[in-house]
Amino acid sequence: MTVIWALRILTAAILAFALRKGDEPERLVAAILIATIVLDILNHAMFGFTEFFVVNPGHLVIDGWGALALLWVALRANRGWPMLVSAAQIIVVLGHLAKIIDLSLVRFGYFAMTQLPIAIQAMALFAGTWAHMRREERIGRYRGWRLA
């Protein structure tokens, strides 16, 4: 239980760091991740907690929206790290789809596919924000988005 709270606190610190020190892509990714967390809390407040072996439609919708939003950022940001964040979110969605297809996957793969990618996303966001800060120190302001 202590490890879960340590991960949550670390994730919150990374999100705050990205909001404070990042440029538009870093702040937008942090906002999307925060939105998925808040929407998940609202989902459970409104509909309760389903059994772990049942697909939660709210999770599927929230995580699907998160995947689309993060993919949009990844394709337009003038950075490489959002691709990793987007890929991790796609793994979450694939975990839900795998659960729909075969419930025997619940014991091992589902937890890893839906709960662990936030750690990958938080670390990529931290590394990306840190790299952005260093790059601005070296070369000054630069475009946050690719030209369309």
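The values are calculated or read from the model by the stated rules, or taken from the named source; none is laboratory data. Since the model is a prediction, treat every value here as computed from it, not as a measurement. Neighbour counts run over all protein chains shown; Cβ positions are idealised from the backbone, glycine included.
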Exercise. Before we move on, is A127 surrounded by 13 or more Cβ atoms within 10 Å (Cβ to Cβ), modelled with pLDDT of 90 or more and either part of a helix (DSSP H, G or I) or within 21 Å of the chain's Cα centre (by Cα) (or both)?
Worked result: yes
Exercise. In the list R76, R141, R135, which residue meets the criterion of being in contact with a strand residue (DSSP E or B) (Cβ under 6 Å, 6 or more places away or on another chain), modelled with pLDDT of 90 or more and either of a type in the set (S, T, Y) or surrounded by fewer than 20 Cβ atoms within 10 Å (Cβ to Cβ) (or both)?
Worked result: R76
Problem set entry | Failed condition for I118, given (1) at pLDDT 95 or above; (2) crowded, with 17+ Cβ neighbours inside 10 Å | (1)
For this session: Test A67 against the stated conditions and say whether it is of a type in the set (G, A, S), in contact (Cβ under 8 Å) with a residue 24 or more places away in the chain and in contact with a Leu (Cβ under 7 Å, 6 or more places away or on another chain).
Result: no
